[in-house]
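The values are calculated or read from the model by the stated rules, or taken from the named source; none is laboratory data. Model, not experiment: these values are computed from the prediction. Neighbour counts run over all protein chains shown; Cβ positions are idealised from the backbone, glycine included. With ligands, DNA and RNA removed, areas are computed over all heavy atoms of the protein, side chains included. Shrake-Rupley method; radii C 1.70, N 1.55, O 1.52, S 1.80 Å.
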Amino acid sequence: WFGVVGFVMRHFGFPLAPLILGVVLGNIAELNLSRSMALSGDLTPFVTRPWALFFLTVALFSACFPWYQSARSAGRRWSRFFIPLLLIAVTLPLVMMGGGFRPVLGAICTATGLYLGWKALRETRAA
């Protein structure tokens, strides 16, 4: 079945790597998710734990990435703010992780995101 699905995906231009990753890692992820839900049915660790929040943020921006690519190629103004927003959004989980390096990296991401956002705002106003 996966061969047929892979053939259809290749025919329509879908990448095969996500399918392969889903097949290989899907059972592991499902098993561990069901274990964690059996221990407690609470969903707040997905947004209160730094690593979970980091990967959730990256996943949300990754899900929006195709719209960003099409908007960028069409020259839409909002697409200029996608990367700055991504950089600013990953700052909170990085700062929550603690340590010495990650909060500094979060500050660098914030500064870079603010600079790129300011630059995009100037370009938008000039256009």
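Computed values, structure above
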| quantity | calculated |
| --- | --- |
| Single condition I88 does not satisfy, out of (1) outside any helix (DSSP H, G or I); (2) modelled with pLDDT of 90 or more | (1) |
| Of all residues in the range 4-31 being open to solvent by 60 Å² or more (accessible area, probe 1.4 Å) and over 23 Å from the mean Cα position of the chain (by Cα), the one that is farthest from P66 (Cα to Cα) | V4 |
| Any hit, the range 32-55, residues being touching a Leu at 6+ places or on another chain (Cβ under 7 Å), exposed (fewer than 15 other Cβ atoms within 10 Å of the Cβ) and at pLDDT below 90 | yes |
| Verdict on R72 being among the charged types (D, E, K, R), open to solvent by 50 Å² or more (accessible area, probe 1.4 Å), assigned to a helix (DSSP H, G or I) and over 25 Å from C109 (Cα atoms) | no |
| Contacts under 7 angstrom Cβ, first residue in the range 98-115 being under 11 Å from P84 (Cβ atoms), partner among the hydrophobic types (A, V, I, L, M, F, W, C) and open to solvent by less than 60 Å² (accessible area, probe 1.4 Å), 6 or more apart | C109/L87; C109/V90; C109/L94; T112/L87; G113/L87 |
| Answer from G99, G22, G26 - the residue that is in a loop (DSSP other than H, G, I, E, B) and modelled with pLDDT under 90 | G99 |
| F82 being assigned to a helix (DSSP H, G or I) and at pLDDT below 85 | no |
| Boolean, V95 is open to solvent by less than 60 Å² (accessible area, probe 1.4 Å) and either over 30 Å from G3 (Cβ atoms) or among the small types (G, A, S) (or both) | no |
| The lone exception for G75 - which of (1) more than 30 Å from L121 (Cα to Cα); (2) at pLDDT below 90 it fails | (1) |
| Close pairs from the range 43-63: first without any contact (Cβ under 8 Å) to a residue 12 or more places away in the chain and part of a helix (DSSP H, G or I), partner of a type in the set (S, T, N, Q) and open to solvent by less than 80 Å² (accessible area, probe 1.4 Å), Cβ under 9 Å, at least 6 apart | P45/S36 |
